[in-house]
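Below: the structure, in structure tokens.
The values are calculated or read from the model by the stated rules, or taken from the named source; none is laboratory data. None of the values given here were measured: they were computed from a predicted structure. Don't worry about glycine lacking a Cβ; one is built from the backbone with ideal geometry, like all the others, and counts go over all protein chains shown.
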Amino acid sequence: MRIAVTGRVGQVVSSLIERAGDAHSVIALGRPELDLADLATIEPALRAAAPDVVVSAAAYTAVDKAESEAEAAFAINGAGPGEVARVARLLGVPVIHISTDYVFDGTKSAPYSEADPVAPLGVYGESKLAGEQAVLAADPDAVILRTAWVYSPFGANFVKTMLRVGEARDELGVVADQIGNPTSALDIADAVIAVASRLVADPAGAERGVFHMTGSGEGSWADLAEAVFAASGAVGGPTAKVNRITTKDYPTPAARPANSRLDCAKLDAAYGVRLPDWRVSAGDVVARLIKEKEAAA
């Protein structure tokens, strides 16, 4: 299976390349060949890739910066994915678009289902919602996978930040009143490959639409930080005491949902895909990062 994925170095792209191994070909398409902010580049790049399936993974992910760069966020997260979906449909191949929990406002007391009304709190969430709408308008048969709180051995993410901070400080404050589902990009990659394989093998039978796809279990940012330091300490890495603080104690330009939990039962029912427990996956990523750092020293 040839998987064309937008982006070159993002967490999901890097994870897809690793997880595909020799079983599938992953063609990573990034700037300047494919630039989501330059719609004219998208069709030639996807045609040249000759994919069996397209994964729309590239995104503007600077949540706070988006508040002052709305035009860029909407171009990359909104119009760009819509054009990717249009071209995929033109080529006659399925498209999988990666979206976010930030399309919700976080006021629900239970995990969000795909049927719940969307109400983004900031520009990032609004731009990602615009992308979902553009994708489905261009290709009603698209698959949209909403995920959350992504971390991995690649790029910049919360887990890597905690390990870095833990090397320099004995304790730190971490928000404890935002609850969500931490999700490993490696697990996302496995799930995307499983969904893509089904779409290619059974295009008529595979269910389309919006699905939630996150790590199993829930926790706060403080819970994730504590899990990171516990896993790190177990293999001789940095540790630090986590002081639980509130969102008000750590103001940011963009508002975050207090409840980012997503109900992933629909994906499990349709594709038999359920991501592992986030604590197990986070521990695996931490151990790998510590091992890789030691090997490089």
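Worth a mention:
- Taking the criterion of being in a helix (DSSP H, G or I) and of a type in the set (S, T, N, Q), the residues of the range 225-254 that qualify are S232, T247.
- Scanning the range 154-190 for residues that are assigned to a loop (DSSP other than H, G, I, E, B) and touching a Phe, Trp or Tyr at 6+ places or on another chain (Cβ under 8 Å), we see that the one that is surrounded by the most Cβ atoms within 10 Å (Cβ to Cβ) is P182.
- Test: residue in the range 137-153 that is closer than 23 Å to F74 by Cβ and without any contact (Cβ under 8 Å) to a residue 24 or more places away in the chain: no
- A search for C-beta distances below 8 Å between a residue of the range 76-93 that is polar (S, T, N, Q) and any residue that is assigned to a helix (DSSP H, G or I), counting only pairs 6+ apart in sequence or on different chains, returns N77/Y124; N77/S127; N77/K128; N77/A130; N77/G131.
- Selection status of R198, in a helix (DSSP H, G or I), modelled with pLDDT of 95 or more and more than 28 Å from A138 (Cα to Cα): no
- Every residue from the range 240-259 that is more than 25 Å from V63 (Cα to Cα) and surrounded by 20 or more Cβ atoms within 10 Å (Cβ to Cβ): A240
- Restricting the range 27-45 to residues that are farther than 14 Å from A85 by Cα and among the small types (G, A, S), the residue that is surrounded by the most Cβ atoms within 10 Å (Cβ to Cβ): A28
- If you go through the range 63-81 and pick out every residue that is over 18 Å from the mean Cα position of the chain (by Cα) and under 11 Å from A138 (Cα atoms), you end up with 1.
- Flag if G209 is surrounded by fewer than 19 Cβ atoms within 10 Å (Cβ to Cβ) and more than 17 Å from K293 (Cα to Cα): yes
- Residues considered: A176, A206, A168, A240. Of these, the only one that is over 17 Å from V280 (Cα atoms), touching a helix residue (DSSP H, G or I) at 6+ places or on another chain (Cβ under 8 Å) and modelled with pLDDT under 95 is A206.
- Residues in the range 66-88 that are crowded, with 17+ Cβ neighbours inside 10 Å and either among the hydroxyl-bearing types (S, T, Y) or touching a strand residue (DSSP E or B) at 6+ places or on another chain (Cβ under 7 Å) (or both): P81, V84, A85, A88.
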